[in-house]
Amino acid sequence: MKIARLRFRFALMALALLALGLHGAPQIERVEQAALKAFGASAVTAVRAWGEMLDGAAGLSDDKKIRRVNAFFNRRLAFQDDASLWNQSDYWATPLESLARRAGDCEDFAIAKYVSLRLLGLSDTQLRLIYVRAKIGGVHSTLSQAHMVLGFYPSPEAEPEVLDNLIDDVQPASRRSDLTPVFSFNADGLWTGAKAAPAASATARLSRWRDVLARMRDQGIEIINKE
């Protein structure tokens, strides 16, 4: 599939998501009710802590918001792969699910941070979920693995800041020479990085993105448009 066709398919998917009404004021109370029903009282406590973090960050600058959100999830969640956590080879969790399990893989960290920053009023023009190849063992290593991070763009042409579960510091992309971008996406579109993503792989991942957004809506998590 050519990348133009993939972008067209993604645009249709984004319109469908907008039609579902994934924009509006966040209602932590609804999320707490969903957490109690699905996971029990301990999940409610985790969701409440998330809500308190969002309330505390609401008046901050965008730069401080991204650091507050990055630190919250890097401290709150432990890394655990999907096979052991969800008994699936590739599962994209909602923030509620990750908080309830107190764990997630790189995609779950990135999704939780993306959603939190959208709830805090940042727009899709400022945020992209980025698939990368991450070098293992340092920048000179020849070993790499698939990884996901969140990119924050202060302006459309600005160098992105990278929110990553591998390190606690939020750093500009130029300082992350261990990461090679493959493709990135948000609800507005799809972008290719240093090399084009395999069409089948990208399509499958975007399908999971659609699914996780729908599950978030069912759990009471609604994303705000800043514009």
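The values are calculated or read from the model by the stated rules, or taken from the named source; none is laboratory data. Please read all numbers here as calculations on a predicted model, not as lab measurements. Note that we place each Cβ from the backbone using ideal geometry, even for glycine, and neighbour counts take in every protein chain shown.
Conditions tested, residue by residue: (1) at pLDDT 95 or above; (2) touching a strand residue (DSSP E or B) at 6+ places or on another chain (Cβ under 8 Å); (3) more than 16 Å from Ile221 (Cβ to Cβ).
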site: Leu12; (1), (2), (3): no, no, yes
site: Leu15; (1), (2), (3): no, no, yes
site: Glu29; (1), (2), (3): no, no, no
site: Ala41; (1), (2), (3): no, no, yes
site: Asn70; (1), (2), (3): yes, yes, yes
site: Arg75; (1), (2), (3): yes, no, yes
site: Asp82; (1), (2), (3): yes, no, yes
site: Leu85; (1), (2), (3): yes, yes, yes
site: Asp90; (1), (2), (3): no, no, yes
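Just to be sure before I move on: is Ala34 surrounded by fewer than 18 Cβ atoms within 10 Å (Cβ to Cβ), touching a residue at least 12 places away in the same chain (Cβ under 8 Å) and assigned to a helix (DSSP H, G or I) in the structure I sent?
no
Which is basic (Lys, Arg), within 20 Å of Leu54 (Cα to Cα) and within 14 Å of the chain's Cα centre (by Cα), of Lys113, Lys64?
Lys113
All but one of (1) in a helix (DSSP H, G or I); (2) over 15 Å from Trp209 (Cβ atoms) hold for Ile111, so report the exception by its number.
If we test Ile111 against (1) in a helix (DSSP H, G or I); (2) over 15 Å from Trp209 (Cβ atoms), just (2) comes out false.
Go through Ser84, Ser116 for me and flag whichever is assigned to a helix (DSSP H, G or I) and buried (at least 17 other Cβ atoms within 10 Å of the Cβ).
After ruling out the rest, the residue left standing is Ser116.
Yes or no, residue by residue, for (1) at positive phi; (2) in contact with a helix residue (DSSP H, G or I) (Cβ under 9 Å, 6 or more places away or on another chain); (3) surrounded by 15 or more Cβ atoms within 10 Å (Cβ to Cβ):
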{"site": "Gly151", "(1), (2), (3)": "no, yes, yes"}
{"site": "Pro154", "(1), (2), (3)": "no, yes, no"}
{"site": "Leu163", "(1), (2), (3)": "no, yes, yes"}
{"site": "Asp168", "(1), (2), (3)": "no, yes, no"}
{"site": "Ala173", "(1), (2), (3)": "no, no, yes"}
{"site": "Arg176", "(1), (2), (3)": "no, no, yes"}
{"site": "Leu179", "(1), (2), (3)": "no, yes, yes"}
{"site": "Phe183", "(1), (2), (3)": "no, yes, yes"}
{"site": "Asn186", "(1), (2), (3)": "no, yes, yes"}
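Of all residues in the range 152-185 being in contact (Cβ under 8 Å) with a residue 12 or more places away in the chain and among the polar types (S, T, N, Q), which is nearest to Arg208 (Cα to Cα)?
Ser184
Just to be sure I understand the filter: pairs with C-beta atoms under 7 Å, separated by 6 or more residues or on different chains, first member in the range 119-137 and free of Cβ contacts under 8 Å to residues at least 40 places away in the same chain, second member polar (S, T, N, Q). Which pairs pass?
Note: pairs meeting the criteria are Ile136/Ser144; Ile136/Gln145.
So which pairs qualify, if the first residue must be in the range 79-101 and within 17 Å of Gly40 (Cα to Cα), the second must be polar (S, T, N, Q) and surrounded by fewer than 17 Cβ atoms within 10 Å (Cβ to Cβ), the Cβ gap must be under 8 Å, and the two must be at least 6 apart or on different chains?
Listed pairs, sorted by first residue: Ala100/Ser42; Arg101/Gln80.
Output the number of residues of the range 188-220 satisfying the condition of being at pLDDT 90 or above, assigned to a loop (DSSP other than H, G, I, E, B) and either crowded, with 19+ Cβ neighbours inside 10 Å or in contact with a His (Cβ under 9 Å, 6 or more places away or on another chain) (or both).
The qualifying residues number 1.
Identify all residues within the range 125-151 that are outside any strand (DSSP E or B) and among the polar types (S, T, N, Q); write none if there are none.
Thr125, Gln126, Ser141, Thr142
Of Ser144, Ser184, which residue is modelled with pLDDT under 95, more than 15 Å from the chain's Cα centre (by Cα) and not basic (Lys, Arg)?
None of the others qualify; the one that does is Ser144.
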